Amino acid sequence: MTLKQLSEQIAAKRYANIPKHAWKQVKFSDSGANELTKAVLGYFELKDIKAWRQASEGRFIRGKQYKDWAGRSKEEKGRYIPRSKAAKGSGDITAIIPPLGRRLDIEVKYGKDRQSDDQKKFQAELESMGGIYIIVRTWEDFYHQITKIL
């Protein structure tokens, strides 16, 4: 399946009750990690497989804002809350593969991006418990691996 075919099939599914000329354009690409992630999630949507983007980054909490003695706006130093230890190293996308409900984690790597030590550790843990962990760099790479799994 090509990305164009995926786009057409997703549009047909999403807009089944709407005339084809009125469909919103659905385009997928693998020109970056974010675009490839969206395409992979679109594939799972098409196949009715439960999948979601796994957010594992931390968050920044802004400091308290106030006005100083001269009326100028000031802000105290903020702080960063690191990600949870449970999600450390997990894939960018998590899916539940039917019919047995096995967990599949997909790590999307683009360009010179490499797997971190935390990701390697998570991969080993997941695979030791019967889960599946794959690394994808292109749409063709993903499609080749997922057809073997499904």
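The values are calculated or read from the model by the stated rules, or taken from the named source; none is laboratory data. The structure presented is a predicted model; accordingly, all values stated were derived computationally and were not measured. Cβ coordinates were reconstructed from backbone atoms using ideal geometry, including for glycine residues, and neighbour counts include every protein chain displayed. These area figures cover heavy atoms from the full protein model, side chains too; ligands, DNA and RNA do not enter into them. Shrake-Rupley method; radii C 1.70, N 1.55, O 1.52, S 1.80 Å.
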- Note on the structure: Note on region 135-146: residues over 18 Å from Ile49 (Cβ atoms) and either of a type in the set (S, T, N, Q) or over 18 Å from the mean Cα position of the chain (by Cα) (or both) are Thr138
- From the set of residues in region 63-98 that are open to solvent by 100 Å² or more (accessible area, probe 1.4 Å) and under 22 Å from Phe122 (Cα atoms), which is modelled with the highest pLDDT? Arg83
- Message: Condition first: touching a residue at least 12 places away in the same chain (Cβ under 8 Å) and either part of a loop (DSSP other than H, G, I, E, B) or touching a strand residue (DSSP E or B) at 6+ places or on another chain (Cβ under 8 Å) (or both). Now tell me which residues in region 12-33 satisfy that.
- Response: Trp23, Lys24, Gln25, Val26, Lys27, Phe28, Ser29, Asp30, Gly32, Ala33
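Here's the yes/no breakdown for (1) open to solvent by 70 Å² or more (accessible area, probe 1.4 Å); (2) closer than 23 Å to Ile134 by Cα:
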| site | (1), (2) |
| --- | --- |
| Ala11 | no, no |
| Ser29 | no, yes |
| Lys38 | yes, yes |
| Leu41 | no, yes |
| Gln54 | no, yes |
- Query: Listed residues Ile149, Ile61, Ile81, Ile132; which is within 18 Å of the chain's Cα centre (by Cα) and among the β-branched types (Val, Ile, Thr)?
  - Reply: Ile132
- Any residue in region 118-142 that's under 16 Å from Gly101 (Cα atoms): show its pairings with residues that are open to solvent by less than 40 Å² (accessible area, probe 1.4 Å) and charged (D, E, K, R) at Cβ separation under 8 Å, as long as the two are six or more apart or on different chains. Leu126/Asp105; Gly131/Asp105; Ile132/Asp105; Tyr133/Asp105; Tyr133/Glu107
- Output the strands (runs of 3 or more DSSP E) that fall wholly within region 65-150 and possess 3 or more residues being out of contact with any helix residue (DSSP H, G or I) (no Cβ under 6 Å at 6 or more places or on another chain) and within 21 Å of Glu45 (Cβ to Cβ), or say none. 93-97, 102-108
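From the list Gly63, Gly71, Gly58, which one is under 22 Å from Tyr110 (Cα atoms), of a type outside the set (D, E, K, R) and free of Cβ contacts under 8 Å to residues at least 60 places away in the same chain?
Gly58
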- Note on the structure: Note on Leu6: of the conditions (1) more than 14 Å from the chain's Cα centre (by Cα); (2) closer than 25 Å to Arg103 by Cα; (3) assigned to a strand (DSSP E or B), unmet is (3)
